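> My structure is below; once you've seen it, I'll send some questions.
Derivation of every value follows stated rules applied to the coordinates shown; laboratory data play no part. All values reported here derive from a predicted model rather than from experimental measurement. Quick reminder, even Gly has a Cβ in these numbers, built from the backbone with ideal geometry, and neighbours come from all protein chains shown.
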Amino acid sequence: MALRRPMVAGNWKMNGSAELAQDLFSKFARKIKDDSAEVVLCPPVIYLESVKRLMEENKEALSGSLVRMGAQNLSQHQFGAYTGEVSGQMLADAGCRYVIIGHSERRRMYGETSDIVADKFAAAQRHGLTPILCVGESGPAREARRTFEVIAEELDVVIEKNGTMAFDNAIIAYEPLWAVGTGKSATPEQAQEVHAFIRKRLSEVSPYIGENIRILYGGSVTPANAADIFAQPDVDGGLIGGASLNSAEFLTLCSIAMSA
Ligand code: PGA
């Protein structure tokens, strides 16, 4: 039986501030006491430095717990004339361990194709970062019963370009587009069904990866619905948007994952 440590990752998107980081850490130090779940903060790049400093300042209070830092995006290129972009090396230098790849907002609003996503996945790993790969179907795709097809396509491009073993150092986040930022989360059953599908698909190429990969659910997770979603056998925690901006709510989600 695989031991998959639950994870709660906060995706601040283009929100938050150094004060939010400060507020979170003042509460973390009292509330996050063990390593039964991993907690990842993904602030905008400009706040990585503040979060890193807070991690160092609170090292003692947080000893025994797993609080880590991630970014929300990276360039697929190593360096060069790419105005406004940030490379994997830069994120690693800033102290990131994780990076979100292929979030639906980036696919939809910034033209990130599955091909680009696959290159970003490789770029992350090249610099020792663990990609948190987001996949998910739109509302119309779900209504047309194309959920599995869409997810399989998004996964397959990354598998084809990077190989299945690349998933040994990756996390997947199932984020149905109709649930992201809408206040309408997937039901625990809907999440479990897709998570089981993702695990099975990876198991077909590597039973080891299928059993061990952590699959997070994302999309309107709140303290009110998290316990039932996180309790599903193939759900290993959550990628949290809106609720990660409220330190009390985020900490409640962390506690729920710790007892899941
Ligand atoms: P949400 O966002 O929790 O606000 O729905 C989740 C995400 O986009 O990662």
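> In debye, nearest 20, what is the charge dipole magnitude of the chain about its Cα centre with +1 on Lys and Arg Cβ and -1 on Asp and Glu Cβ, if you could check?
Values: 26 positive and 32 negative charges, 63 e Å.
Using Cβ point charges on Lys, Arg, Asp and Glu, the chain gives about 300 debye.
> Right, here's the next one. What is segment 200-260 by shape, rounded, prolate or oblate, if you read a ≥ b ≥ c off the alpha carbon gyration tensor as root eigenvalues and call it rounded for a/c under 1.5, prolate for a/b larger than b/c, and oblate otherwise?
Numbers: a/c = 2.92, a/b = 2.39, b/c = 1.22.
Prolate is the answer for segment 200-260, as a/c is 1.5 or above and a/b outweighs b/c.
> Using only C-alpha atoms and all pairs of different ones, pull out the Kirkwood radius for segment 168-213 in Å with one decimal. Please list the in-between numbers first.
Details: mean 1/r = 0.0863 Å⁻¹.
Result for segment 168-213 stands at 11.6 Å.
> With just the Cα atoms of segment 82-166, tell me how far they stretch along each of the three principal axes, in Å, largest first.
Largest first, segment 82-166 extends 44, 29, 19 Å along its Cα principal axes.
> Which log10 I(q)/I(0) values does segment 138-260 give at q = 0.11, 0.14 Å⁻¹ under the Debye formula, counting every alpha carbon as one identical point scatterer?
With one equal scatterer per Cα and no solvent, log10 I(q)/I(0) is -0.37, -0.60.
> Using amide H atoms built in the peptide plane, which far-off residues or other-chain residues are under 5 Å from TRP178 H to H?
Distant-sequence amide H within range of TRP178: GLY139.
> Find the centroid of the Cα atoms in segment 214-257 and in segment 74-149, then give the distance between the two in whole Å.
21
> Also: Can you list residues from other chains, or at least 5 along the same chain, whose modelled amide H is less than 5 Å from the amide H of LEU133?
Long-range HN contacts for LEU133: ILE101, ILE171, ILE172, ALA173.
> What percent of all Cα-Cα pairs in the chain falls into each 5 Å bin, going from 0 up to the bin containing the maximum distance?
1, 6, 14, 19, 21, 18, 13, 7, 2, 0, 0
> Further question on the same structure: With θ set to phi - 60°, apply the Karplus curve 6.51 cos²θ - 1.76 cosθ + 1.60 along segment 156-172 and write out the HN-Hα couplings as whole Hz, x wherever there is a Gly or Pro.
3J(HN,Hα) across segment 156-172, in whole Hz: 4, 4, 5, 5, 4, 6, 10, x, 5, 5, 4, 6, 5, 10, 7, 10, 10.
> Separate question: Taking Cα pairs under 8 Å and at least six residues apart, what relative contact order does segment 111-260 come out at, in percent? Present the calculation step by step, with values, prior to reporting the outcome.
Values: 225 pairs, mean separation 31.4, N = 150.
Relative contact order of segment 111-260: 21 percent.
> Now, a different point. With an 8 Å cut-off on Cα pairs and a minimum separation of 6 or more residues, tell me the relative contact order of segment 1-103 in percent.
Values: 146 pairs, mean separation 28.4, N = 103.
Computed value for segment 1-103: 28 percent relative contact order.
> Still on this structure, please answer the following. In whole Hz, what ³J(HN,Hα) sequence does segment 233-246 give by Karplus (6.51, -1.76, 1.60; θ = phi - 60°), x for Gly and Pro?
Per-residue couplings from phi come out as x, 9, 9, 10, x, x, 9, 10, x, x, 6, 7, 8, 10 Hz.
> If you don't mind, another one. Given labels modelled 7 Å from the Cα in the Cβ direction, how far is it in nm from ARG146 to GLU57?
Between ARG146 and GLU57, the simple spin-label model gives 4.9 nm.
> Any chance you could list P(r) for segment 33-150, counting all Cα-Cα pairs in 5 angstrom bins from zero, rounded to whole %?
Each 5 Å bin holds this share of Cα pairs: 2, 11, 18, 19, 17, 12, 10, 7, 3, 1, 0.
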